[in-house]
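Encoded as structure tokens, the structure appears first; notes follow it.
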Amino acid sequence: MTPYKIALIPGDGIGVDVTQATMQVLDAAAAKFGFALEPTTFPWSCEYYLEHGAMMPADGIETLKDFDAIYLGAVGWPATVPDAVSLHGLLLPIRKAFKQYANIRPHRLLNGVEGPLKAEGFDILCIRENTEGEYSGAGGRVHQGQGNEVAVETAIFTREGVERIIRFGFEQAMMRRKHLTSVTKSNAQKFSMVFWDEVTREVAADCPEVTVSHMHIDAMAAKMVMAPQDLDVIVASNLFGDILTDLGAAIQGGLGFAASANISPDRALPSMFEPVHGSAPDIAGQDIANPIAAIWSGAMMLDHLGQTEASAAVLKAIEAATGQGIGIRPGLNSTSEITAAILSALEA
Ligand code: ATP
Ligand code: MG
């Protein structure tokens with residue numbers, strides 16, 4: 001069969017280390033399950049920016065368009081390039097161009113990982129709206145007077161944007177435990193969040209098999225700490241999803257375990273897979289970054305490409321390693337030790 005064309009953007013810092021680890025594991029999975037990945041590496045990063053004055057070439061998006069998926073390590077090197085430049089020069093344009101409106105993050109405790117809470121059995125899929133809402137960038141300084149300045153920041157929720165993310169949430173819930181929790185703050189935000197609730201109810205009517213709960217963001221934050229095992233799929237706006245997924249990552253043991261995908265449900269466009277963590281300059285190039293978040297993101301990519309068995313096998317191999325205590329705490333094992341353990345479990 002034709003190999004899957006993967007655009008690899010290792011990026012900066014530990015992005016490079018964990019991308020390399022991920023590709024080793026994905027290639028082994030591909031060999032085992034009888035398919036192939038054909039990666040093309042793009043050196044787009046802060047280093048590239050310093051040399052070329054842009055994070056990617058002007059035709060970068062055009063170049064990525066024909067790939068089956070994009071895999072990104074991490075971008076950012078704040079010591080030399082402001083985060084706003086790396087974000088607005090690479091990540092955001094890719095998400096936008098390919099309509100990757102669903103940011104999905106699985107949160108659960110891997111075998112052997114303890115986490116800061118007694119959260120045994122929690123298994124959440126957080127779906128964050130990725131293109132509009134509170135991060136639309138609409139607003140400004142409307143009054144510049146001295147001592148009485150006024151700044152406004154307007155959240156924009158469109159029918160199209162809200163409906164598609166909620167529908168996506170229901171589709172995911174159908175593939176899991178059929179429970180969806182919509183997170184809002186409709187008691188305080190009476191336009192946008194009330195609209196979100198309305199759309200949720202409309203979509204729910206088309207999908208009676210899914211049980212729907214509505215929760216306010218504050219109550220949800222408490223719930224995720226007190227009883228995360230009661231939750232299944234969570235759908236939230238850009239800002240609320242941002243906050244909840246950091247909480248989810250913490251409960252699952254930290255950034256070393258937090259995987260994510262930016263999904264473009266339009267199958268003609270590439271989706272992008274990346275660990276939640278950034279480039280972590282403090283530990284870059286020392287072979288100490290935990291590659292599990294990145295490898296798990298790679299497993300999500302295989303799943304998206306339709307290689308569900310290979311994806312499940314990679315996750316099983318990750319948990320075989322963590323089950324033996326490998327990589328379960330920061331500093332315990334090197335990147336290469338963790339990768340080797342996952343590889344040997346996969347090949348066993
Ligand atoms: P960004 O702004 O790019 O989202 P950030 O500055 O918020 O990122 P990260 O770079 O993700 O944060 O990481 C914060 C710290 O967490 C790092 O400095 C590092 O010490 C630790 N860390 C992050 N990812 C990992 C990992 N995979 N393995 C081990 N430690 C990690
Ligand atoms: Mg950072």
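Just so you know, all these numbers are worked out from the coordinates, no wet-lab data involved. Bear in mind that the values here come from a model prediction, so they are computed numbers and not experimental data. In this analysis, Cβ positions are derived from the backbone assuming ideal geometry, glycine residues included, and neighbour counts consider all displayed protein chains.
Summary of computed values
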item: Stretch in the chain that is longest and holds no GluC sites (Glu not before Pro) that DSSP places in a loop and that have at most 14 other beta carbons within 10 Å; result: 210-348
item: In region 156-261, the chymotrypsin sites (Phe, Trp or Tyr not before Pro) that fall in loop regions by DSSP, at most 11 other Cβ within 10 Å; result: Phe191
item: Global geometry of region 116-251, whether rounded, prolate or oblate, following the gyration tensor of its Cα atoms and the 1.5 cut on a/c; result: oblate
item: Farthest toward positive dipole pole in the chain [+1 Lys/Arg, -1 Asp/Glu at C-beta], among Leu90, Ala155, Ser264; result: Ala155
item: The chain: calculated mean residue ellipticity at 222 nm from DSSP helix runs of at least 4, using -39500 (n - 2.57); result: -12000 deg cm²/dmol
item: Phi to ³J(HN,Hα) by Karplus 6.51 cos²θ - 1.76 cosθ + 1.60 over region 192-199, Hz, x for Gly, Pro; result: 5, 6, 5, 4, 4, 4, 4, 5
item: Phi to ³J(HN,Hα) by Karplus 6.51 cos²θ - 1.76 cosθ + 1.60 over region 304-311, Hz, x for Gly, Pro; result: 4, 6, x, 8, 5, 5, 5, 4
item: Virtual spin-label span in nm between Ala97 and Asp123, 7 Å along Cα→Cβ; result: 3.7
item: Modelled FRET efficiency - R0 25 Å, Ala84 with Asp246, Cβ distances, 0.05 increments; result: 0.80
item: Fraction of antiparallel bridges per DSSP, the chain only, in percent to nearest 5; result: 45
item: Within a Gaussian network of the chain (alpha carbon springs, distance under 10 Å), most fluctuating of Gly133, Gly323, Gly34; result: Gly34
item: Interchain or long-range residues, amide H under 5 Å from Gly73's placed H; result: Ile9, Gly11
item: About the Cα centre, charge dipole magnitude for the chain (Lys/Arg +1, Asp/Glu -1 at Cβ), debye; result: 600
item: Debye intensity ratio in log₁₀ form over the Cα atoms of the chain, taken at each q of 0.13 Å⁻¹; result: -1.04
item: Highest-fluctuation residue, Ala236, Ala204, Ala321 considered, GNM on the chain with Cα pairs under 10 Å; result: Ala204
item: Using a Förster distance of 35 Å, the FRET efficiency for Asn187-Ala54 (Cβ separation, nearest 0.05); result: 0.20
item: FRET efficiency estimate (nearest 0.05) - Cβ-Cβ, Ala312 to Glu163, R0 45 angstrom; result: 0.90
item: Gain upon complete extension [Lys65, Thr41; 0.36 nm per residue less C-alpha separation]; result: 7.2 nm
item: Residue-span extension gain [Gln286 to Arg176] - 0.36 nm each, minus C-alpha spacing; result: 35.8 nm
item: Within a Gaussian network of the chain (alpha carbon springs, distance under 10 Å), most fluctuating of Ala119, Ala138, Ala31; result: Ala138
item: Phe33 versus Ser213: modelled label distance in nm, points set 7 Å from Cα along the beta carbon direction; result: 3.2
item: Charge dipole (debye, nearest 20) of region 17-111; +1 at Cβ of Lys and Arg, -1 at Cβ of Asp and Glu; result: 540
item: Within region 116-251: Cβ-based charge dipole about Cα centre, in debye rounded to nearest 20 (Lys, Arg +1; Asp, Glu -1); result: 140
item: Lysine pairs with alpha-carbon atoms under 22 Å apart, the chain, spacing 8 or more or separate chains; result: 10
item: For region 89-182, diffusion coefficient by Stokes-Einstein and Kirkwood Rh (Cα), 20 °C, 1.002 mPa s, µm²/s; result: 130
